[in-house]
Amino acid sequence: MPAVARLPKRLRLATGEVDRTNGLRHRRPSLARAYREVMPRLELIKMSTEDAAVLGPAVARLERLLDASESFVTDAAETAVPGSPMDEARKSGVRDAYDSANALIFSAEDHLRAAVIVVKHGPLPGFALYTLLRAAADAAVRAAYLLELQLTPAERLGRTLNERLDNLHEQRKFMVVDEDDHFGQSVEGLKSRATSHGVNVLYSKAGAPRKLIGFGEPQPSVTQLFDRFLAGGESVHRYLSGYAHSKMWVQLPRSRAESSPDDPDVALVPTDLVVKTFVGVLSAVTQLYDEDLAKYLTLAGYPSEVWHLAKQRTPKAGPETRPAQAT
């Protein structure tokens, strides 16, 4: 007879309430045994004062950055200082890197803004916030790679062409039939753009015909980019990916197992959000997002003091800032 599975989810509200359910039970000897799941039932539990004190400032900082970006960064970047790297790139027709970085930052912001909305309105889910951070961090590390300050125009363009090539490969997987040879024509366009701007076209060393593998320099993996740009590096990437892909090792860790009061062979695994852990990851992603915006403005020709002052402003008040009420 398989162990009965009832998942104990615990969800938190910004006002101090947390939903909690009865939940997954597993027999202690092995998680590999079969489960028979039943529908969980949610119950509200209270967030501790200590957790609220940790979560509040972290979310407030992120909200200030999002507001500063919306209010200032977009307009400032569109009016890049004459002679700045961004201005020169646009004049010479190689603004690709800045447009790509802007799109990645926008994607990161969309996921981070969603996380702020969930935290402010509640209830806080045990898993989903990490999935939002995973998507935001993925975009942020890729933007950081395109925005490194020491790059030459050719190096920056090469990295951008690699980003676009990877996008074409992913799009090709989605397209069942490519009747117009969109992939082939687009790749040829990237190769032409590379050669006309002094960027090396990279091919595989083996095989016939040789396969296009990139431009300028080999494209790092997302894991390598996490390791390079985000505090916590690869470990944070693996942790967030575990949530995004619903892996039990991270969602239902043995370290959180609790003895069942009515069955000595069964353990309950709580799944409420561990606020201090979440805040640690959120702070790392927020810091990288902050750094991306700072580099973006630096490349647009603005002194560092401009961004420093912009992000000190109090966010605009609006209906989305109303705290959730206890139920």
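So if R0 is 22 Å, what FRET efficiency would Glu155 and Val222 give, r being the distance between their Cβ atoms, rounded to the nearest 0.05?
Rounded to the nearest 0.05, the efficiency is 0.65.
Please go through the residue pairs Lys173/Lys311; Lys46/Lys247; Lys91/Lys173; Lys276/Lys311; Lys211/Lys295; Lys120/Lys311 and name each one whose alpha carbons sit more than 30 Å apart in this structure.
Lys173/Lys311; Lys91/Lys173; Lys211/Lys295
Say R0 is 22 Å: what FRET efficiency, to the nearest 0.05, do Ser186 and Glu78 get from their beta-carbon distance?
Plugging the Cβ-Cβ distance into 1/(1 + (r/R0)^6) gives 0.25.
Please compute the volume of the convex hull spanned by the alpha-carbon atoms of the stretch 40-104 and report it per residue in Å³. The partial results should precede the final answer.
Values: hull volume 9.2 nm³, N = 65.
About 141 Å³ per residue, rounded to a whole number.
Please report the base-10 log of the normalised intensity I(q)/I(0) for the stretch 196-255, using a Debye sum with one equal scatterer per alpha carbon and no solvent, at each q in 0.13, 0.24, 0.25 (1/Å).
Here log10 of I(q) over I(0) equals -0.58, -0.93, -0.97.
I'd like the trypsin sites (Lys or Arg not before Pro) in the stretch 180-233 restricted to DSSP loop residues with at most 13 other Cβ atoms within 10 Å, sorted by number.
Taking the stretch 180-233 and a limit of 13 other Cβ atoms within 10 Å, the loop trypsin sites (Lys or Arg not before Pro) found are Lys205, Arg210, Lys211.
Given the peptides 272-283, 250-261, arrange them by the average over their residues of other C-beta atoms within 10 Å, most packed first.
On the way: 272-283: 18.7, 250-261: 13.4.
Ranking the peptides 272-283, 250-261 by packing returns 272-283, 250-261.
Roughly how compact is the stretch 183-327, stated as its Cα Rg over 2.2 N^0.38 Å to two decimals?
1.63
Each reported figure results from applying straightforward, stated rules to the coordinates on display, with no laboratory input. Keep in mind that what you see is a predicted model, and the values were worked out from it rather than measured. Neighbour counts run over all protein chains shown; Cβ positions are idealised from the backbone, glycine included.
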